């Protein structure tokens, strides 16, 4: 097992070394790459979609979960690392528009999941791509041409809820009680309307009554 682990660590170091000429020269010169050099190079290559890092573990047995979460923080892109998200203006001409991951840009978010909670009713999970929104604010759903008030915003921790006052670019949260929103709808600033790209779901090929 130790030999196998050492073999794959060597492959990991090689992948890090391939991230720059300087590291390649150091690696083939027989020098050891520092931990910081390895992590920095791996993250850079992940952000450039050159490599995909894999961790192993078991959520059921709670093995390797913390290491995986640490790897998410260390190697995957932060909201500010992501390129601008594309959308279209609600002008009838499908004019292209973009939103950057910036608190100072107009609010724009995508509803990606609708769930039902036995205590609070509908929960609309959304990801904020730009701007800031506060609980109590009114947002616009250009897909349904409807305005909705964000009465309560919560952050979910497994099955627990924590009520929060605002969300910013990059945040994921859930709104309680939205009536018109469905999965894939855009929520945005009323005065800066944008329609973000909807999620595409495969067409079902069979139906079964249970």
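The values are calculated or read from the model by the stated rules, or taken from the named source; none is laboratory data. Because the structure is predicted, anything quoted here is derived from the model rather than measured. All Cβ positions, glycine included, derive from the backbone under ideal geometry; neighbour counts span all protein chains shown.
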Checklist entry - Is it the case that some residue within region 136-154 is surrounded by 19 or more Cβ atoms within 10 Å (Cβ to Cβ), farther than 15 Å from residue 178 by Cβ and in contact (Cβ under 8 Å) with a residue 12 or more places away in the chain? => result no
Checklist outcome for this item: For region 78-97 the number of residues that are closer than 13 Å to residue 169 by Cβ and surrounded by 12 or more Cβ atoms within 10 Å (Cβ to Cβ) is 5
Next on the checklist: more than 14 Å from residue 114 (Cβ to Cβ) and out of contact with any strand residue (DSSP E or B) (no Cβ under 8 Å at 6 or more places or on another chain): is that true of residue 160 in this structure?
Outcome noted: yes
Checklist entry - Taking region 162-179, which residues are at pLDDT below 95, outside any strand (DSSP E or B) and loosely packed, with under 14 Cβ neighbours inside 10 Å? => result 179
Checklist outcome for this item: By residue number, the members of region 116-141 that are outside any strand (DSSP E or B) and either more than 22 Å from the chain's Cα centre (by Cα) or over 20 Å from residue 101 (Cβ atoms) (or both) are 118, 119, 120, 135, 136, 137
Next on the checklist: Suppose the filter is under 18 Å from the mean Cα position of the chain (by Cα), at pLDDT 95 or above and within 20 Å of residue 133 (Cβ to Cβ); does residue 111 pass it?
Outcome noted: yes
